[in-house]
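Remarks on the structure that follows.
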Amino acid sequence: MKAVKIVEGRAYPLGESNIDTDIIIPAHYLKTTDRKGLAKGAFESIRAKEGNVFDDPEYKGAPILIAGDNFGCGSSREHAAWAINEMGIEAVIAPRFSDIFSGNAFKNGLLTVVLPEADVERLLEVAKTDPITLDLENQVVTTPFQDRFHFEIDPFRKRCLLEGLDEIGLTLKDQDKISQYEDVLASDRPWV
Amino acid sequence: MTKNPRTLYEKIWDAHIVERREDGSALVYIDRHLVHEVTSPQAFEALRQAGRPLRRPDRTLAVPDHNVPTTARVDGEGHLLPIADPQSAKQLEALAKNAPEFGVRYISATDPEQGIVHVVGPEQGFTLPGTTLVCGDSHTAAHGALGALAFGIGTSEVEHVMATQTLILNPAKTMEVRVEGKLSPDVSAKDLILHIIHVLGTAGGTGYAIEYTGEAIRNLSIEERLTVSNMSIEAGARTGLIAPDEKTFAYLFARPMSPKGDDWEKAVRWWKSLATDEGAVYDKTVVIHADEVQPSVTWGTSPEDVVPITGVVPDPASFPDPAKQAAARRSLEYMGLEPGQKMDGLAVENVFIGSCTNSRIEDLRAAASVVWGRHVADNVKQALVVPGSGLVKRQAEAEGLDEVFKAAGFEWREPGCSMCLAMNPDKVPAGERCASTSNRNFVGRQGPGARTHLVSPAMAAAAAVTGHLTDLRHLAPVKMGETA
């Protein structure tokens, strides 16, 4: 996994709540055996509308997306995180994320930052004209206007993101413990 | 009272800890892994590239369901029919190749036991109380109905489970959803869960593991409980547990993969110890009154947008918060609805009876009992019944339900996810409405521009025979000898 420390640049001020993973990447794009080639289908129904933020030249290539409450709800499809990554987005800011989406994002080095609604509202305003900076090490989002918003992040996820750690590789170091658990399981609950 | 009273969730969680970490997370053992064709190919490929084996193929079961066509899969002579969409065909071929390569049991699309993963798991006895069960699909919550700690995962986690049979997880907060009192006989489990999602909101369960308790839950059959647990994710909760009881044990007894002999006795003893202890504390409790639940329908593009069938489309201005007002306005525009419009009487061109929420035998019986003696209305262009598995299909055929549906003008299809997410050719055309027994009314879910109204199987059947959303309690009776 690619390490993430600082994400800096313009942000798509999307701001809608309940953006589900069917909106992020519709099911007809899921017929792939690859992780790539999904950006073309990302936010298809939003991009079909005129004046949408994704096709606005103002935000072209923005590395940050700012969304409303409950971003990534619905289906568990990791294709949603892959598609967002492929668009060049490295971080999403929202008041709340669905549990499955934030997990998927993390596994792909896509930073999800939870901030209170009022802070997100402020950032949506700033994003229309100016860049935003996310500093993972210090857990802070800043703007050129002295805004400074602290965010919380799970310490394990923070470490993995900062160091770009391979979670499976880490777990495989615990193979012996897994085998021991399996031995106990076989005697305690042999039907499993 | 027990010394350290624990909830059902906490007991299963504790029993699966391989290692607790200092940061509060834990390495959690996964007992069961269901695999389908859409969210697994990248995981298998990553294992292959890293030269890693799949740790426990004996705890893994693969079934294709999302992409499979629901039209005939073999010709009259039993030869396989080609799959029209080359991308779907490629994805299905990948699973057929990957599963045996990694030693995983694979139930093929032409196997009589094939079906939707969440129908197949319980019906095979692969799903067991007190197990941890995962699948790369958010409706894995369904298996919580049998008392399994079951939740949907992404493809990276699928790969992690394949390689290590574990996941690194943080414990969830616990939420009790207690349904007090009795449901009215004309109200289904689907109406109940739609009502619950409406009360909790689509993100109300985020961060929580739900446990459904109370008289109305205990009174549900196992298949009805599967419907309730299935849609937990629509309230944001990854998992929705129900304590295993005598009904659970009776349902699982002698299933193909259920424990047998001494193991069965031991298992039942342990399963009985799992119920939440008296005095255990949930982080949150929500009380639902069963007598307030009515036959229900969704009006918008979020599963929380629920009203009783007797209700009207709400005015966006009636929502307290500006984000909800904006969302409601967008929903109404997409759905082609006006505030104040009555739900009863809204014409539908499509009816879908199926999906992991409502495609089991009791669902088909409920729908068939409404359809019997009636006919699909002329304005309904597409009326599909898609059984959840080959076994459900054969059971329905043995009971003659297929004949009831076909005589009424329904199409009787092969099992799969079908029109729930429109990955296969079963789609709702743009701008048309569908009364659907599935679980999501998201924008474009049943096809680009499709307008979904989530309902129970009986309500979907009533919509099919009248040509519009309707209160099934007011259907004109069928006169004997004068069937339509």
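Quick note: the coordinates plus some simple rules give every number you see, no bench work behind them. Please read all numbers here as calculations on a predicted model, not as lab measurements. Quick reminder, even Gly has a Cβ in these numbers, built from the backbone with ideal geometry, and neighbours come from all protein chains shown.
What is the spin-label model distance, in nm, from residue A:34 to residue A:188 if the labels are put 7 Å beyond Cα along the C-beta direction? Result: 4.6 nm between the two label points. Over the protein assembly as shown, what is the percentage of antiparallel beta bridges among all DSSP beta bridges, to the nearest 5? Percentage antiparallel, nearest 5: 30. Once the Cβ-Cβ distance of residue B:378 and residue B:84 is raised to the sixth power relative to R0 = 30 Å, the FRET efficiency obtained is 0.55. Under the simplified labelling scheme, the residue B:478-residue B:93 pair shows an inter-label distance of 4.5 nm, with each label point 7 Å from Cα along Cα→Cβ.
Computed on chain A, with alpha-carbon pairs under 8 angstrom and 6+ residues apart, the relative contact order is 26 percent. Over chain B, Cα pairs under 8 Å with separation of 6+ residues give a relative contact order of 17 percent. Counting, for every residue in B:13-19, the Cβ atoms of other protein chains within 10 Å of its Cβ and taking the mean gives 3. Over chain A, DSSP H runs of length four or greater, each weighted -39,500 (n - 2.57), average out per residue to a 222 nm ellipticity of -9000 deg cm²/dmol. The H on the amide N of residue B:136, modeled in the peptide plane, is under 5 Å from the matching H of B:36, B:153, each at least 5 residues off or on a different chain.
Counted by neighbouring Cβ atoms within 10 Å, the residues A:159, B:56 run from fewest to most as A:159, B:56. Only DSSP H runs of four or more residues enter the estimate; each adds -39500 (n - 2.57), and after division by the residues of chain B the mean residue ellipticity at 222 nm equals -9000 deg cm²/dmol. Between residue B:283 and residue B:247, how high is the FRET efficiency from 1/(1 + (r/R0)^6) when r is the Cβ-Cβ distance and R₀ = 30 Å? Nearest 0.05. Working from the Cβ atoms, E equals 0.65. Using the empirical formula 2.2 N^0.38 Å as the baseline, the Cα radius of gyration of segment B:301-474 reaches a ratio of 1.02.
Have a look at the DSSP beta bridges in segment B:301-474 and tell me what percent are antiparallel, nearest 5. Just about 15 percent of them are antiparallel.
Residue ranges B:79-86, B:366-373 sort as B:366-373, B:79-86 when ordered by packing (mean number of other C-beta atoms within 10 Å per residue, highest first). Here the Kirkwood formula, the inverse mean of 1/r across different C-alpha pairs, assigns segment A:6-165 a hydrodynamic radius of 15.6 Å. Inter-chain Cβ neighbour count for B:220-226, averaged per residue, equals 0 (cutoff 10 Å, partner chain atoms only).
For residue B:286, the residues whose amide H sits under 5 Å from its own are B:176, B:177, B:178, ignoring neighbours fewer than 5 places away on the same chain, with H placed 1.01 Å from N. Each of residue B:4 and residue B:72 was given a label point 7 Å from its Cα along the Cα-to-Cβ line. The distance between the two points is 6.2 nm.
Quick one: grab the alpha carbon gyration tensor of segment B:431-484, order the square roots of its eigenvalues as a ≥ b ≥ c, and give me rounded if a/c is under 1.5, else prolate or oblate depending on whether a/b is larger than b/c. Taking the square roots of the gyration eigenvalues as a ≥ b ≥ c, segment B:431-484 is prolate. Across segment B:232-246, computed HN-Hα scalar couplings (Karplus, 6.51 cos²θ - 1.76 cosθ + 1.60, θ = phi - 60°) run 3, 5, 6, 9, x, 8, 5, 9, x, 8, 9, 4, x, 9, 4 Hz from first to last residue, x flagging Gly and Pro. Whole-Hz Karplus values for segment B:178-187 come out as 9, 9, 8, x, 10, 6, 5, x, 8, 10 Hz, taken residue by residue from phi with 6.51 cos²θ - 1.76 cosθ + 1.60 and θ = phi - 60°; glycine and proline positions read x.
For the peptide B:47-54, the mean number of other protein chain Cβ atoms found within 10 angstrom of a residue's Cβ is 1.
Starting from the Cα gyration tensor of the protein assembly as shown, take the square roots of the eigenvalues, sort them a ≥ b ≥ c, and report rounded, prolate or oblate (rounded when a/c is under 1.5, otherwise prolate if a/b is larger than b/c, else oblate). Cα axes put the protein assembly as shown in the rounded bin.
Here the gap between residue A:55 and residue A:150, fully extended at 0.36 nm per residue and compared with their Cα-Cα distance, gives a gain of 31.2 nm.
For segment B:40-150, with equal point scatterers placed on the C-alpha atoms only and solvent neglected, what are the log10 I(q)/I(0) values from the Debye formula at q = 0.20, 0.21, 0.22 1/Å, to two decimals? So the normalised log intensities are -1.17, -1.24, -1.31.
What the phi angles of segment A:138-152 give under the Karplus curve with 6.51, -1.76 and 1.60, with θ = phi - 60°, is a coupling list of 8, 6, 9, 10, 10, 10, x, 9, 6, 5, 8, 10, 7, 10, 8 Hz, glycine and proline written as x. In this structure the amide hydrogen of residue A:140, modeled in the peptide plane, comes within under 5 Å of the amide hydrogens of A:135, A:151, none closer than 5 places in sequence on its chain.
Descending by average beta-carbon neighbour count within 10 Å, the peptides B:190-201, A:26-37 line up as B:190-201, A:26-37, the highest first. Across segment B:306-367, Cα pairs under 8 Å and at least six residues apart give a relative contact order of 35 percent. Peptides B:315-323, B:442-450, A:174-182 ranked from most to least packed, by the mean per-residue count of other Cβ atoms within 10 Å: B:442-450, A:174-182, B:315-323. Where both bridge residues fall in segment B:230-389, DSSP classifies roughly 50% of the beta bridges as antiparallel. Listed from fewest to most Cβ neighbours within 10 Å, the set A:25, B:288, B:210, B:17 follows the order B:17, B:288, A:25, B:210.
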